[in-house]
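The values are calculated or read from the model by the stated rules, or taken from the named source; none is laboratory data. Please read these numbers as outputs of a predicted model, since none were measured by experiment. Neighbour counts run over all protein chains shown; Cβ positions are idealised from the backbone, glycine included.
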Amino acid sequence: MSLFVWKPEYSVNDAELDRHHQELFSVLNSVYENVMSTTDLDCILPKIDQLSEYTKYHFSAEELYMSEAGFQGIDDHIARHMEFTHTIETLRASYHDNDLEVAREVIIVLGEWLLKHVLKEDMKYSGLSHDVQE
Ligand SMILES: [Fe+2]
Ligand SMILES: [Fe+2]
């Protein structure tokens, strides 16, 4: 069963950015599934790299979109993106420490962060607002 699933109600009213979010959820799921089903951290590193690269790609695209739309909250939003990028680096560090338990915890934190971020922060530039369950 997938842990992180994108739903139509997560839409930010932009087809390309919605596709990015779907892909991010899907990459996170595959990292999670790898981490849960293996005791060998070697097969996880390429997945972490994929997550890291796709995240950078999405954040750049989203920041450009917000900038072009003249979105007021862009500075705060970029700072939040940097936090997430930093957490991915923590995940990479846990890989280097060969600590599977930490890797599992970090992935769950990343998934929860992403879901909350899309629903609460990304929604602000979409012109829609959703209630986020804490
Ligand atoms: Fe986003
Ligand atoms: Fe964002």
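Before moving on, here are some points about what is shown:
- Single residue of the range 92-118 satisfying the filter (in contact (Cβ under 8 Å) with a residue 60 or more places away in the chain and crowded, with 18+ Cβ neighbours inside 10 Å) that is farthest from ligand 2 (Cβ to nearest atom): Ala103
- On the stretch given as the range 34-66, residues that are surrounded by 11 or more Cβ atoms within 10 Å (Cβ to Cβ) and closer than 16 Å to His20 by Cβ total 16.
- Positions within the range 44-72 being away from ligand 2 (no atom under 12 Å from the Cβ) and touching a Phe, Trp or Tyr at 6+ places or on another chain (Cβ under 7 Å), in sequence order: Ile44, Leu45, Ile48, Ala69
- Any hit, the range 40-55, residues being among the small types (Gly, Ala, Ser) and modelled with pLDDT of 95 or more: no
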